[in-house]
Amino acid sequence: MTPAARIQAAIEILDRIASGAAAEQALLGWSRGARYAGSKDRAAVRDHVFDVLRRWRSTAAQGGADTGRGRMLGLLRQSGIDPDSLFTGEGHAPEPLSDAEHAAGRTPEGAEALDLPDWLADVWTQSLGDAAEPSALALRQRAPVYLRVNTAKLSVPEAQALLAAEGIESVAHPLAQTALEVTGGARGVARSKAYLDGLVELQDVASQAIALALPLEPGSRVLDYCAGGGGKALAMAAHSGGAVDAHDADPARMKDLPARAQRAGAQIRVVAKPQGRYDVVLCDVPCSGAGAWRRAPEGKWRLTAERLRELTDIQSDILQRAAPLVAAGGTLAYATCSMLDPENTDRIAQFTADMPGWEVTFQRQFLPSDGGDGFFLTCLTAPA
């Protein structure tokens, strides 16, 4: 495919998304009908689509239309690329721009310029203060690729050397001592021997920092209460050198965890119903995903005020359910991949008001400026 043909493919996929199709569904539908597209073509088209999703409002403004064509036009203008060089109408290229399209487009303003929904702008600003604008702008960019080195098996420099031998360049990241930021050859990670042998895992650096911040002592009973795919459970097991129980309200989310744990040499026990008391209980709760909108930008535009309220109710309920599982003097850790106060500090304030005796001993909001996704962590100590 030519670069122009890739643009046209992205236009068609974006129109399907605008009509209600999920991004992955629209991409899959296109790729199934585009047998001529090679792996590099599919990757390039995907990049175009996700670049626009991160900038859904601003590209429409600068392109002069809320269509796939308008948004791709806006993206090219934002990137400093002459649209006329690609909108040629030759072969499978998009049709040439009309006089009206040449004249259309404007500078986005307010929440539009930050690529935020209008309803969310005030909550965003109240939650982040001076960091609101730079954080919103950071979410318009592609996320870095991070790896967690399984330090139970090898050191960070050893992992770097193994990756480099397979053409994957990386640098250590200061936010987490287990983290490597991939600076070259990222598309080869999933095929690398280091990855397939469980020596490294794909995991955001802030997510790694959360696991490292927990008070994990040798012999501690540890529970990942909302384990999902198990990334944090694996990180906690590697960090503590001990066993971790993994639980999720939807056990299907953990279907790959036993195989991942075996590959990593981690002691993970999947439990349907946690029993007894734990020294550390991590609740990485369902959330808006606002801190990870670089990776999953579609969520930004699907989120509604009503859905945010539903999520905060779920989050409070999980805290209430998990609290009895914490041993006296133990730690209840609450985490989200969000930067919104209603999901973060407000939930902790409600919990401590409802549950006297619990003490906040650690709290941190990780921002994109720290290098990773926007994560929030609070550690609460149970009454003795």
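Only helical runs count toward this figure. For the chain, summing -39,500 (n - 2.57) over DSSP H runs of n ≥ 4 and dividing by all residues gives -12500 deg cm²/dmol at 222 nm.
Other residues lying with their Cβ under 14 Å from the Cβ of GLY372 contribute a combined charge of +2, Lys and Arg counting +1, Asp and Glu -1. Using a ≥ b ≥ c from the Cα gyration tensor of region 247-384 (square roots of the eigenvalues), is it rounded, prolate or oblate, where a/c under 1.5 gives rounded and otherwise the larger of a/b and b/c decides, a/b for prolate? It comes out oblate by the Cα gyration axes. Computed with the Debye formula from one identical point scatterer per Cα of the chain, without solvent, the log10 of I(q)/I(0) at q = 0.09, 0.12, 0.15 Å⁻¹ comes to -0.59, -1.00, -1.36. Counting only DSSP beta bridges with both residues in region 213-381, the antiparallel share comes to about 45 percent. Region 243-285 and region 88-136 have Cα centres separated by 41 Å. Net charge in the neighbourhood of GLN208 (other residues with Cβ under 12 Å of its Cβ; Lys, Arg +1, Asp, Glu -1) is -3.
Of all DSSP-defined beta bridges confined to the chain, some 60% are antiparallel rather than parallel. Computing Rg and the Kirkwood Rh from the Cα coordinates of region 145-202 gives a ratio, Rg/Rh, of 0.90.
Counting Lys and Arg as +1 and Asp and Glu as -1, what is the net charge of the other residues whose Cβ lies under 12 Å from the Cβ of SER39? That works out to +4.
Put in order of Cβ neighbour count within 10 Å, fewest first, the listed residues ARG260, ARG302 become ARG302, ARG260.
Here, each number is a calculation from the coordinates, and none is a lab measurement. Small disclaimer: the values here were computed from a predicted structure and weren't measured. All Cβ positions, glycine included, derive from the backbone under ideal geometry; neighbour counts span all protein chains shown.
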